[in-house]
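Inspection log for the structure reproduced underneath, given as structure tokens.
All of the numbers you see were taken from the coordinates with simple rules; none came from a lab. The structure presented is a predicted model; accordingly, all values stated were derived computationally and were not measured. Using ideal geometry, Cβ is built from the backbone for each residue, glycine included, and neighbour counts are taken over all protein chains shown.
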Amino acid sequence: LDQGTFPRYMELVPTQMVGSFAVDAASLRAAVGIVQPLAGGGMVRMEWADNKLRLRVSAEGLGTAGTELLVPTTGAPGRIAIATRSLIEYLANRSGVVTVSWQTESSPVTFVHNGLLVVQMPMFVQW
């Protein structure tokens, strides 16, 4: 074994979030399921403000699909794009509340469920 310095991975975890929303995992999983057929292996755009979470996907030549959930939001409104498959895998077998927090559209997003923190990099999209 080589001696070395353990990576400072906590530096990658955002600490100063500007906005968040809380959502029931099963409800978000169902909402993603509504738009996922059109998304295929692409991404889902998530926008939240004023206690509403909007999910939208688009596919060239096929159009767009979207749905909306009522969720408690705090702080600044936000929008991110997440790989659909990654979001589906994260939500699988989860129940209860998931809190999603963000800083900017391009900074890591945090998902917290039952005290377990998961950091996800959003995808770059043109809104």
*Once you charge only the Cβ atoms, +1 for Lys and Arg and -1 for Asp and Glu, what is the size of the charge dipole of the chain about its Cα centre, to the nearest 20 debye?*
180 debye
*For region 49-103, what is the charge dipole size about the Cα centre, in debye to the nearest 20, if Lys and Arg each add +1 at the Cβ and Asp and Glu each add -1 at the Cβ?*
40 debye
*Most mobile of G115, G40, G19 in a GNM of the chain (Cα contacts under 10 Å)*: G115
*Given (1) 21, 17, 14; (2) 26, 17, 15; (3) 30, 17, 13, the label whose value is semi-axes √(5λ) of the Cα gyration tensor in Å derived from this model*: (2)
*asked:* Given the options N51, L87, Q16, identify the residue whose Cα lies farthest towards the positive end of the charge dipole of the chain (+1 on Cβ of Lys, Arg; -1 on Cβ of Asp, Glu).
replied: N51
